[in-house]
Amino acid sequence: MVKITIGAINKVPGSSKNYKTGDWRTLKPVIDMEKCKKCWICYKFCPEGCIKKTDDGPETDYDYCKGCGICAYECPFKAIEMVMEER
Amino acid sequence: MVKKVIYGNHAVSYGAKDARAEVIAAYPITPQTQVVELLSEFCASGELNAKFIKVESEHSAMAACVGASATGARAFTATSSHGLALMHEMLHWASNARHPVVMANINRAMGPPWNIWTDQNDSIAQRDTGWLQFYCSTNQEVYDTTLMAFKICENDKVLLPGMLSLDAFVLSHTSEVVDMPPQEEIDEFLPPYNAKYKLDLEDPRAFGSLMFPDWYYELKYHQQTSMEEALKVVEKVGKEFGDRFGRHYGLVEEYRIEDAEIILVVSGTIAQTSKEAVDVLRKEGMKVGLVRMRTFRPFPKEKIRKIASKVNKIIVIDRSISFGSEGAFFTETKACLYNEKDRPEIWGVIIGLGGRDVTVEDITKIAKKGKDGKFKINEINWWGVKL
């Protein structure tokens, strides 16, 4: 039996990471590396901090990307396409 | 023991100081300003070792108190009327996260039109935020209730925030004698707050995170059972306070109800006026008594049932109105009697909104009208309304 703490105080800080908010996504950003100029505008605009800088270019963390599409909207080179999520 | 002649507002300040509040965050509003003025002086002089946080609004004041309480500090604030309304969101936060913040609310009418005088609509409007609500009728009770509120709210069976209310000007700006026990005796009565879970860098916790439907419901159950538990704790703490300091408090104060056939149910300072009215009527031979409601949340249902079982008539006098319904105390009193076999007749009277004066004569006339059965049933009885 799970026992709930008073006021639902969470004894495991940082455990929100266990909840993969990427599940909410209906559209998924797909980056075309040919078009990407590594300007990092997507990295700066991502409200969830889901875009990682790598030597090869931006990398999306699909565990937490909610598919808001801000990266695709902001990309000056139209290098990010929002495609329907298939599960 | 120190006796001082002080304002109701300053009785709050002394209460918070003697309770050794550790964090005070407040925003000034008439008629509450003196409460925090004096507390800020206590902090500046070092008489009170508390962090005084100046904020830009009451919403922030309560947010600061919630944060402080989460660290395990004893947090206090004071406000009134529109200030309390602005706190509304954070009132839920304090209660739902189970932070035993204590607040003094000076009962003042809500505008517009602007009115700085007393009625209870500000605090009654916060009925469902999960705060304990106490209504005071003397400056002494204001001081005592400030001390008791911390002990009640911090009790591990309660762990809910609490607000004490006092009538604008009638108490807030009126001087009365207040007897304050020695600090060491208060410290014995009210030891430091020891939070079970607190914000602590060495032992981190997360507060106020997401909760899905599969457990949120249980938390609400716990809040309600804690409220019910608070009924016992209020009485226990009131008795301990009385045993130590000579002034006993319960959920309600009963006045001359032993053989009463008709009783008045009143709260706040109207209760003091009503006691005089009861004395006048008793001299005339009328068997009338008074029940002064000290607690509105939790509502002392069992107590009311017990009292009501012995009388024929009850008049509930409200200094508030729930628009579209009736006076709040009237609704609650009726509701807890509905399943009783022998219910007394019961009427609701609305009086004194926006600080309209309530005199001994008003109350004696109300009691007589009730005795003669001349009040409207199932309708609001507006007392002295100019049409």
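So the values come out like this:
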| item | result |
| --- | --- |
| Residue check for B:Glu229: away from chain A (no Cβ under 14 Å), closer than 30 Å to B:Pro181 by Cβ and surrounded by 15 or more Cβ atoms within 10 Å (Cβ to Cβ) | no |
| The stretch A:1-34, subset facing chain B (nearest Cβ under 8 Å) and not in a loop (DSSP other than H, G, I, E, B), residue surrounded by the most Cβ atoms within 10 Å (Cβ to Cβ) | A:Gly7 |
| Checklist (1) loosely packed, with under 15 Cβ neighbours inside 10 Å; (2) away from every other protein chain (no Cβ under 14 Å); (3) outside any loop (DSSP other than H, G, I, E, B) applied to A:Asp63, failing item | (3) |
| Scan of the stretch B:338-387 for residues that are in a strand (DSSP E or B) and polar (S, T, N, Q), ordered by number | B:Asn381 |
| Of the criteria (1) of a type in the set (Gly, Ala, Ser); (2) out of contact with any helix residue (DSSP H, G or I) (no Cβ under 7 Å at 6 or more places or on another chain); (3) within 21 Å of B:Ala271 (Cα to Cα), which one B:Ala335 fails | (3) |
| Residues being among the small types (Gly, Ala, Ser), away from chain A (no Cβ under 11 Å) and either in a loop (DSSP other than H, G, I, E, B) or surrounded by fewer than 18 Cβ atoms within 10 Å (Cβ to Cβ) (or both) - total across the stretch B:164-206 | 3 |
| Residue within the stretch B:312-334 that is farther than 16 Å from B:Leu281 by Cβ, outside any loop (DSSP other than H, G, I, E, B), assigned by TED's automatic domain parsing to the domain that holds B:Ile270 and out of contact with any Gly (no Cβ under 9 Å at 6 or more places or on another chain) present | yes |
| Residue in the stretch B:150-162 that is over 20 Å from B:Leu91 (Cβ atoms) and part of a loop (DSSP other than H, G, I, E, B) present | yes |
| Test for A:Lys37: is it without any contact (Cβ under 8 Å) to a residue 60 or more places away in the chain, exposed (fewer than 12 other Cβ atoms within 10 Å of the Cβ), within 14 Å of chain B (Cβ to nearest Cβ) and not in a helix (DSSP H, G or I) | no |
| The stretch B:143-163, residues that are surrounded by 24 or more Cβ atoms within 10 Å (Cβ to Cβ), more than 18 Å from B:Lys239 (Cβ to Cβ) and among the hydrophobic types (A, V, I, L, M, F, W, C) | B:Leu160, B:Met163 |
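Results for (1) assigned to a strand (DSSP E or B); (2) surrounded by 15 or more Cβ atoms within 10 Å (Cβ to Cβ); (3) under 22 Å from the mean Cα position of the chain (by Cα), shown as yes or no for each residue.
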| residue | (1), (2), (3) |
| --- | --- |
| B:Ser209 | no, no, no |
| B:Trp215 | no, no, no |
| B:Glu218 | no, no, no |
| B:Gln224 | no, no, yes |
| B:Ser274 | no, yes, yes |
| B:Leu281 | no, yes, no |
| B:Arg292 | yes, yes, yes |
| B:Lys303 | no, yes, yes |
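The values are calculated or read from the model by the stated rules, or taken from the named source; none is laboratory data. These numbers were taken from a predicted model, which means no experiment stands behind them. Positions of Cβ are backbone-derived with ideal geometry, glycine not excepted, and every protein chain shown enters the neighbour counts.
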